[in-house]
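Contents: one structure, followed by commentary.
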Amino acid sequence: MLMSRITPFLVILAVVVWSAHPVGGAMEERLGLEFLFALRGPIDPPDDVVVVAITRNSARALGLSEKLHEWNRQPYADLTRSLKTLGARSIAYDVFFEAERHAGSDTEFQNAITEAGNVLLFARSTRDSIGDAHLEKLEQPLLQFRQAAQGTAPLVLPKVPARVSRFFVRHPSFSDIPTLHGLTWVLQQDDRAYGMQALMALPASLPLNLYGPPRTIRTVEFSDLITQPDVLAADIKGATVFVGYSAEDQPDQQDGFYTAFTRKDGLDISGVELAATAFANLSTGIWLRELLPWQSGLLVFVLGWAVFLCARYLPPLSAGAVLLGFVCLITIAAHVLFSHFYVWFPWFNSVVVTLPLCGGLGIWLRNRELFQQKGRLQWAFGKYLPPDELNRLVAEKGLPALRDYHNSVCLVTDAQGYSRLSESLSPVELAELMQDYYQAIIPPIRKAGGIISDVAGDGVIALWLHLDQHGAWQALKSVVDEISINVQRFNAAHPGNELPTRIGIHAGEIVLGHFGAMDHHEFRAMGDIINTTSRLEGANKQLGTDVLISETCIDRTDESIRYLGRFRFVGKANPLRLYTVKQTPDPVLLKQYQLAILKFEAGHIQAALKLFKSIARYYPEDGPTELLVQLLSNIASADNAELLKPDGIIVLEEK
């Protein structure tokens, strides 16, 4: 019970910690962000941001080597002048101009940069390892280019773990140095000092609001701007231009980064296009806004409890519908916030982590409680119903319409002296006494697979539905022996309140089912064998025996039983051969009794009576002999002649 109360707190706390932890944030960035981009799809980028792509097609068109490091600087000078002429607002090169190439072309490029007055150059960030220490530094482009340029800046892109979903606005190691796209944005501000201050106030990295797959941002070929610039005049005028490698197909790819929009053919977005994307985000102010860790934790906390409580206390179908509704609602909300308000809602940690864990926990606890309740009910009703019937009631709706027919073995017990005790004891004392008595009777029956059909006052009716009738006594002999031992212990423990017990065993067909009307039904057996077994048990009193077994339940070769004769109970038409347990090992008594009963069944009443009287003189304690002497002696009376028929049947008048 305590664990059921603590577990929800622990699970929800774990989910909250996960969502606020960097590992959970990385998973959200890796999977949740990709899902939101896929759900949103590509969008139109700003018209005033252009990428000039250096590709092998441009190299071929200009008659240059496909290896960039073999180019002289004349093509860059031509490009810069062309962009300036077409009215580019800013020109940012994602190309590292490291060393001198050709003096004339270097001078031309320097002059072009100076004439344009709006060129920014790429500075390379490098890291050297000295033992366990790492030394990071910036390598600047060639001095003459750097002096001519409007500025230089690095282009550093964070990867989680190998994909790019963020951009740095300043160098991660040099916090006062803006990145290439950040510096480009600052230099376009009317108040550059304020622009730099605003840039430095932003977090070091911001989530990229990607516009789509590679080349979604307007991309033009390097060679086209040199060979046919007029055709591209409308694209370049007033645009911020980023120049660098940007392949059109995967084999030409030299500078690519894996993103949510990487194409199926393996083509990644180039670094220069990511720089252009980051600049576009800054210039439009629509980079993605993410929740702070504590906000994500609070959201997951509230959502976790809401989901858990619904799953825990609503019916299963309703809980499933509510959980599905949560999934749809959160997904729609995340999509709307992402697409229209550029808010990055933690979809993965909400839908994929929180909902299954908290919802699953609620459903599990509910099912666990229902299972425990079912177990308690089955345990309780198992005291009244057989396990098979209980399982059938659980599986079916309502009471079973059909009743089962069985050839069953029935055992009935009866406690002698119960009426006397019920008068002398208070109800509480009698109840406690009978509870102890039932502990002596019922366990042996249940251990042997018997069904308790009825317990009424001093009697127990038990059934074995699938027991072979002819071997019934062999199967039930140990049950009778255990009951006898238990009753002896009970009587010894309750002096003055002893309850000697008589047993009857019979077999036949019964109907087993639920009987009753309206709101009251009982599971019980119906059939003549119930009444006959009760009569059989009652005959013990007249015969002076403790156990009587009908001929339907015995193997006549069994040496443990004694044949008593054919008896007919009052109100019954058919006689039964009755047997009892051999209570004396004296072979003379058993042999003489068998001889006398055979004479009686053969119609030799006088000879049988003489022999029974002889047995009675030597064995006066033998109850069956005493009864038969009494009955046969009454033959002399004409009024009682019908009690003893010449067909060898003993009629018992008492029930």
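The values are calculated or read from the model by the stated rules, or taken from the named source; none is laboratory data. Worth saying up front: this structure is predicted, and the values here are computed from it rather than measured. For neighbour counting, all protein chains shown are included, and Cβ atoms are generated from backbone atoms with ideal geometry for every residue, glycine included. Heavy atoms of the whole protein, side chains included, go into the accessibility calculation; ligands, DNA and RNA do not. Shrake-Rupley method; radii C 1.70, N 1.55, O 1.52, S 1.80 Å.
In this rough spin-label picture, where each label sits 7 Å from Cα along the Cβ direction, the D230-N367 distance is 7.5 nm. For V49, the residues whose amide H sits under 5 Å from its own are T240, ignoring neighbours fewer than 5 places away on the same chain, with H placed 1.01 Å from N. Compute the angle between helix 623-633 and the longest alpha-carbon principal axis of the chain, please, reported from 0 to 90 degrees and rounded to the nearest 10. Helix 623-633 and the main axis of the chain meet at about 40 degrees.
Near G565, the amide H atoms lying under 5 Å from its own belong to L578; only residues 5 or more places off or on other chains count, and H is placed 1.01 Å from N. Values [x] 0.99; [y] 1.08; [z] 1.46 are given for comparison; Rg/Rh (Cα atoms, Kirkwood Rh), derived from the coordinates here, is the one labelled [z].
For Cα pairs less than 8 Å apart in space and 6+ apart in sequence, what is the mean separation divided by the residue count of the chain, i.e. the relative contact order in percent?
11 percent
Here the Debye sum runs over all C-alpha atoms of the range 401-583 as equal scatterers in vacuum, and log10 of I(q)/I(0) at q = 0.09 Å⁻¹ comes out as -0.33. Peptides 471-482, 191-202, ordered by how many other C-beta atoms sit within 10 Å of their residues on average, highest first, read 471-482, 191-202. Which stretch or stretches of the range 1-41 have amide N atoms under 19 Å from the point lying 7 Å from W305's Cα along the Cα→Cβ direction? Output list for this probe position: 4-20. Taking amide H as placed 1.01 Å from N in the peptide plane, the amide H of D458 sits under 5 Å from none that are at least 5 places away or on another chain. For the chain, DSSP calls about 65 percent of its internal beta bridges antiparallel.
At 1.4 Å probe size, with every protein chain present, just tell me what the per residue accessible area of the chain comes to in Å². Before the final figure, lay out each step's value.
On the way: 32050 Å² over 655 residues.
So the chain comes to 49 Å² accessible per residue, rounded to a whole number.
Rounded to whole numbers, the Karplus 3J(HN,Hα) couplings from phi for the range 285-298 are x, 10, 5, 6, 9, 9, 6, 5, x, 5, 5, 4, x, 5 Hz, using 6.51 cos²θ - 1.76 cosθ + 1.60 with θ = phi - 60°, and x at Gly and Pro. In percent, rounded to a whole number, the relative contact order of the range 161-204 is 40, using alpha-carbon pairs under 8 Å and six or more apart. On a C-alpha basis, how far is the centre of the range 76-126 from the centre of the range 414-462 in Å? Whole number, if you could? When both Cα centres are located, 108 Å separates them. The modelled label-to-label distance between H102 and Q439, using points 7 Å beyond Cα along the C-beta direction, is 11.1 nm.
Under the criterion of Cα pairs below 8 Å and six or more residues apart, the relative contact order for the range 41-290 equals 30 percent. Remark: spin-label model distance E601-L329 equals 8.3 nm, labels positioned 7 Å along the Cα→Cβ axis.
First compute the accessible area of the chain with a 1.4 Å probe, then give the percent of it belonging to carbon and sulfur atoms.
Roughly 57 percent, rounded to a whole number.
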